[in-house]
Structure formats: C-alpha cells, structure tokens
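Student: Quick one: the structure is below, questions incoming.
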Amino acid sequence: MVDPDRRSLLAGALAVAGAGGRPVQGAPAPMALRRGIALWPWFSLTTEYPPPRTDYAWPPFQAGRPIPTPQDLGRLAELGFDFVRLPLDPGPFVAFTGARRAELLSALSAAIDAALAAGLRVVVNVQANAATHHYTPEAFYGSDQAPLFAAYRDLVGDLARLCARKGPDRVALEPVNEPPQACGALAWNQVQDRLLIAARAAAPALTLVATGSCGSLVAGLTAIDPAKLARFAPLLYTFHFYEPYLFSHQGATWLTEEPFYRWLTAVPWPGTRGTLGETLATVQARMDADRTVSQVEKARDRAVIEAKLREYFGAVPGPAYIADAMAPVATWAELYGIAPGLILMGEFGALRTDARFTAARAADRAAYIRDVRMVAETNRFAWSFWNLFDGLGLMDEAHVADPALVAALGLRTRA
C-alpha cells in the first residue's frame, strides 16, 4: 500500500510545482515504447588488464559473449517486442581514442542499425561496470566531481549525437544505469542534470531517459522532482523492479555484500506454493553439499536466511504484493501530472537458480514474470525484460526462446 504520509508529501510538492512535471510546451513527443528486452552483454563483458594498468585488451569485449544474430532480432520483432534496450559499458569508449574509439562507435552504430532493420526501436543504455577496478560507476558518476565524470559527460554527448542521427522517433538515450547514490541524494540530482544538459545540447530532439538514484529502485524514482527535469523534454522516466529480491535473486552469487543469496533456492512464487520448512530444508541441503565454505559462514548465512524467509512467507507474496510495491510509481506520476506512457519499467526478471532448476521452479519463475508484467501494463507503463541471454534470459545457448517466458510476457507464439 502507498504510505498516506508519502501521498501527502507528494501532493504537497505537486501543489507547489503545479504541472511542472509535464513536458515543455512545443517540445516533440518522446519516442513511443511498449514492450522491450535488454541485449546485454553485446557491448559489455570487457577484457581489462589488472591493476596498476587502466587499459583494455583489443578488442575490449570478450569474444565468447552471446551476441544476438539478425535472425534473433527478427524473432524478437515476430514475438511482439517493439524495442530493445542496448546496455553499453562506457569503459572502452573512454579508454580508447582516435581510430579505435571510432571503430567502437562504428560497431555500436552497426548494432543499432541491425535492430532498426528488424523493426525494433532502440534505447541505448550506458552501464558502467562495477566489476572493473578503474572504470567504475563511482569513478564515472559518483558525483559531478568524480575523476572520470568529465570524460563520461563527453561520451554521453557523443552517444546522443549518434542516436539522433538514427532518427529521434527510433532511438533514445538512457545516460546512466542504476546510479549508486542513496535515494534522493543531491549528488545524483546534480550528476543527472549535467548529463542531460550535455545530451540535450548535442541532440535537441532526442528522447532522453531519466532515472532515480539508489539503483533505479522505485524509491529512487519517486524521490525525483520532475519539475526540475521538464526542460529536458522529450523525456521518459525509468525504474527497475525485482521485488521481492528473495525470489527474483535466489541463487545469485554476485551479491557479495549479501552473501546469503548464494544459498537461496526453492523460494516459491506465489508464497502460497510452498512453506518455510520446505524452503529451509532445501537451502540446508545446498549448504551441506558445499565443502568450500566454512561452517561459521554457513551458520551466519543460515540465520539471516531464516529471518528473511519468515518475513517473506509472512508477507504472502503474490500479485497483490507486486501491485502494492509498484503503486508509489503510479501515485508519483499522477500527482506530478506525468502520463503513464512516459514511464518505463526498464528492468525486471528472475534468475534461474541452478542446474537443478526443476519444472516447478520454472513454473514459479514464469508466474512471477507474468505477474510483474501484468501489473506494469495495468498501470500503462512500458516495460523492458532483463534479459535476452544469461541466467535471467529469454533465450538459451542455442538462441531458442523459452515458450513459458514468451507466454508469461504476453507475447505472440508461432502457430
């Protein structure tokens, strides 16, 4: 449910701002979006050298990473996607200069052209890589005084010019993915403002995508005052949605600050499809099978997991839970006079937990994705599924789409 105090706060802000969240009169309409999918890691998964070096091998992107073929892109259009979200690691584009940087931009241009040729619009999304040691999100846009911010801002301008050349009704630019600052942080507002200024100066009619801080969460978006961004129209607003993380990220090994996620498995969706005891028993079996982690670590993680799973089952997670978790976005949009069509749920999805991913777990995953998608559509938000490939992907290693996920996303199936 939406917090009444939060609703009052937003209403008060609207009374002060008036219709300030609406686009500037006379500005072109933003690029229309409905159903999208991310194409990571086409321009991600780099091969940077270890410290103290700060450069990349050439070519900078890993040769074995999955890349969509023209046939894949055509299949996405056949399924009913109308756009793709193209994540881009800015590190190589900043590290290389001259002919090699031009080659990178040419490759990006060709990728955009391939998607457009398949009948898909494109949102180019700049995603700094937190796994690298030098070209990190904090170094690029932790603040507008960050050591690499000026280079990042210049790259955003260059990307805006490239996108604009493709046609403002076909390509948009999302300058930052999941900002690291705290929700409502002034530092993020300053960073985003300067990046949008650079992009708008380079491409007056290009659709830009704004986001909130704290990882583009719902709370980050609703902390934004859109009156201060209206001058950047045409503009879309985006948020990411993976709630509840205990389901969507069960088994995730990359959440090193919350290592208990690596053990999670058999967390059901909806919550009524399982019990606390059943899930804990399966988690314990996973722990017992692992001989690489100490008993001390396991005991620590087990205590955290039990407490969090009690909360999870107590919340009775299901479609109503998702609707309540997404409701603040609709409230924020209504109070600021922002049309639902200007809001993009830029990421959602759920991880395949492990090699023992059973039919029951696959059904739960599809049900969760369906529920999130339907709540977004009920709110009339556009959405972009994460991802085409990887552990959250629509397609497997043979580039075959999962029919259960195709159905969950409400897409067309072949006769």
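Student: Residue check, residue 298 against (1) surrounded by 15 or more Cβ atoms within 10 Å (Cβ to Cβ); (2) outside any helix (DSSP H, G or I); (3) at negative phi; (4) in contact with a helix residue (DSSP H, G or I) (Cβ under 9 Å, 6 or more places away or on another chain), all met but one. Which one?
Tutor: For residue 298, the exception is condition (2).
Student: Out of all the residues in the range 227-243, is one or more surrounded by fewer than 22 Cβ atoms within 10 Å (Cβ to Cβ), under 17 Å from the mean Cα position of the chain (by Cα) and in a helix (DSSP H, G or I)?
Tutor: Looking for residues that are surrounded by fewer than 22 Cβ atoms within 10 Å (Cβ to Cβ), under 17 Å from the mean Cα position of the chain (by Cα) and in a helix (DSSP H, G or I), one finds none in the range 227-243, hence no.
Student: Same structure again: What number of residues within the range 21-44 satisfy the criterion of being crowded, with 24+ Cβ neighbours inside 10 Å and modelled with pLDDT under 95?
Tutor: 1
Student: A follow-up question, please. Of the residues that sit in the range 112-168 and are in contact with a helix residue (DSSP H, G or I) (Cβ under 7 Å, 6 or more places away or on another chain) and β-branched (Val, Ile, Thr), which one is farthest from residue 179 (Cα to Cα)?
Tutor: 122
Student: Now for a separate question. Just wondering, is there one or more residues in the range 101-112 that are surrounded by fewer than 19 Cβ atoms within 10 Å (Cβ to Cβ) and assigned to a strand (DSSP E or B)?
Tutor: Within the range 101-112, not a single residue is surrounded by fewer than 19 Cβ atoms within 10 Å (Cβ to Cβ) and assigned to a strand (DSSP E or B).
Student: Between a first residue in the range 320-336 that is closer than 27 Å to residue 272 by Cβ and a second residue that is modelled with pLDDT of 95 or more and of a type in the set (S, T, N, Q), which pairs have beta carbons less than 6 Å apart while being 6 or more apart in sequence or on different chains?
Tutor: Final answer for the pair search is 328/222; 330/379.
Student: Something else now. Among residues belonging to the range 252-278 that are crowded, with 20+ Cβ neighbours inside 10 Å and touching a Leu at 6+ places or on another chain (Cβ under 6 Å), point out the one that is farthest from residue 218 (Cα to Cα).
Tutor: Here the answer is 267.
Student: Separate question: Conditions: (1) buried (at least 17 other Cβ atoms within 10 Å of the Cβ); (2) of a type outside the set (Phe, Trp, Tyr); (3) under 22 Å from the mean Cα position of the chain (by Cα); (4) part of a helix (DSSP H, G or I). Residue 392 meets all but one. Number of the miss?
Tutor: (4)
The values are calculated or read from the model by the stated rules, or taken from the named source; none is laboratory data. The shown structure was predicted, so the numbers you read here are calculated from the model rather than taken from an experiment. When we count neighbours, we look across all protein chains shown, and the Cβ atoms used for this are built from the backbone with ideal geometry, even at glycine.
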